[in-house]
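Step one of this worksheet: look at the structure below.
The values are calculated or read from the model by the stated rules, or taken from the named source; none is laboratory data. Keep in mind that what you see is a predicted model, and the values were worked out from it rather than measured. Note: ideal-geometry Cβ built from the backbone for every residue, glycine included; neighbour counts use all protein chains shown.
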Amino acid sequence: MEIKGEAKLVRIFVGETDVLHHIPVYERIVQEARKQHLAGATVFKGVMGFGRTSRLHTAKILRLSEDMPMIIEIVDEEEKIEKFLPIIHDIFEEANCGGLITMEKAEIIKYVSNEAAKA
C-alpha cells in the first residue's frame with residue numbers, strides 16, 4: 001500500500017497512568033488503530049507537561065512523576081481518521097480519563113508499507 005498527498009494528523013494527549021481494563025489508554029488506542037488498518041501510530045513519552053488541572057508532571061530526578069504525558073500520533077487519509085475519532089472518544093469515555101485530541105492537515109511525501117517495498 002502506498003499513500004501520498006493530503007492527509008490528516010491526529011495527535012492524542014493522555015496520561016501515562018490512564019488505564020482501561022488494566023491496559024494503558026495509549027496502548028489501547030494504538031491497538032485499535034491497528035485493528036482499523038490505519039497507516040501507523042507512534043507513542044511519545046513527554047518529559048514535562050501539565051493539563052487541565054495545571055498540575056505539573058516532570059521527569060526531573062528530584063521530583064519524579066508517575067503520570068507523565070503520553071502523545072499518540074496517527075497519520076492517514078482524512079476519511080479513515082474521521083472514522084477513527086469516535087473510537088478514541090469511546091475509549092476516553094470508558095476509561096473515564098482526561099485527554100486532548102487535535103487534528104491538522106498533513107502532507108504525506110512518501111509512505112510505502114513493507115508489503116509494497118518487498119514487491
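Applying the selection to the stretch 8-20, what residues are among the hydrophobic types (A, V, I, L, M, F, W, C) and either surrounded by fewer than 19 Cβ atoms within 10 Å (Cβ to Cβ) or outside any strand (DSSP E or B) (or both)? Break it down stepwise before answering.
To start, the set of residues in the stretch 8-20 that are among the hydrophobic types (A, V, I, L, M, F, W, C) comprises 9-10, 12-14, 19-20.
LEU9, PHE13, VAL19, LEU20 - these are the residues of the stretch 8-20 that are among the hydrophobic types (A, V, I, L, M, F, W, C) and either surrounded by fewer than 19 Cβ atoms within 10 Å (Cβ to Cβ) or outside any strand (DSSP E or B) (or both).
For the stretch 21-36, the criterion of a residue being part of a loop (DSSP other than H, G, I, E, B), closer than 26 Å to LYS110 by Cα and at pLDDT 95 or above is satisfied by at least one position.
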